[in-house]
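Step one of this worksheet: look at the structure below.
The values are calculated or read from the model by the stated rules, or taken from the named source; none is laboratory data. Every value quoted in this text rests on a predicted model; they were computed, and no experiment measured them. Using ideal geometry, Cβ is built from the backbone for each residue, glycine included, and neighbour counts are taken over all protein chains shown.
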Amino acid sequence: MNLRLKRGGRWLGILLATVVGISVGSGALVWTRTHIVSLQYQLTRLGELESQLRRDVEKLRLEAAALASPRRIEAKARALGLDYPKAGQVVHLSAADVASGARE
């Protein structure tokens, strides 16, 4: 009887190792597939975020161009009471004048 237990124990060990191997392999496969699906969702969300950010950048570029428009700046300056300088109000300085601190 002891001999039969030893033989049965050997097959039982092989069977147990096979079941554990299959279980570990199945678990790894499930984890891998779950991780892949999670990464796909994350990639989709990031793609949508990138598209939204590109649209925002384009809107901001258009807004910056509109704000930098010479017509708009001139209108704002006039609203503040600013005007173009008169003939004698503009002073031209050369590089040498600037270096020496003199004015024309």
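When you scan segment 45-75, how many residues do you find that are in a helix (DSSP H, G or I), over 22 Å from the mean Cα position of the chain (by Cα) and not hydrophobic (A, V, I, L, M, F, W, C)? Outline the logic, then answer.
Filtering segment 45-75 for residues in a helix (DSSP H, G or I) gives 45-67, 70-75.
Checking the rest, the ones that are also over 22 Å from the mean Cα position of the chain (by Cα) come to 65-67, 70-75.
After this cut, where a residue has to be not hydrophobic (A, V, I, L, M, F, W, C) as well, the list is 70-72, 74.
The qualifying residues number 4.
Here is a check on your reading of the model: is A68 closer than 30 Å to D83 by Cα, modelled with pLDDT under 95 and not polar (S, T, N, Q)? Can you show your working first?
Values: closer than 30 Å to D83 by Cα: yes; modelled with pLDDT under 95: yes; not polar (S, T, N, Q): yes.
Yes; evaluated as a whole, the condition is true for this residue.
Considering only segment 63-75, how many residues are loosely packed, with under 10 Cβ neighbours inside 10 Å and of a type in the set (D, E, K, R)?
Looking only at that region, the number is 1.
Report yes if R78 is in contact with a helix residue (DSSP H, G or I) (Cβ under 9 Å, 6 or more places away or on another chain), surrounded by 10 or more Cβ atoms within 10 Å (Cβ to Cβ) and part of a helix (DSSP H, G or I), otherwise no. I'd like the intermediate steps shown before the answer.
Working: in contact with a helix residue (DSSP H, G or I) (Cβ under 9 Å, 6 or more places away or on another chain): no; surrounded by 10 or more Cβ atoms within 10 Å (Cβ to Cβ): yes; part of a helix (DSSP H, G or I): yes.
Against the criterion (in contact with a helix residue (DSSP H, G or I) (Cβ under 9 Å, 6 or more places away or on another chain), surrounded by 10 or more Cβ atoms within 10 Å (Cβ to Cβ) and part of a helix (DSSP H, G or I)), R78 does not qualify.
Restricting to segment 81-99, count the residues that are part of a helix (DSSP H, G or I) and either surrounded by 10 or more Cβ atoms within 10 Å (Cβ to Cβ) or at positive phi (or both).
Filtering segment 81-99 down to residues part of a helix (DSSP H, G or I) leaves 87-89, 95-99.
Filter once more, keeping what is either surrounded by 10 or more Cβ atoms within 10 Å (Cβ to Cβ) or at positive phi (or both): 97-98.
The qualifying residues number 2.
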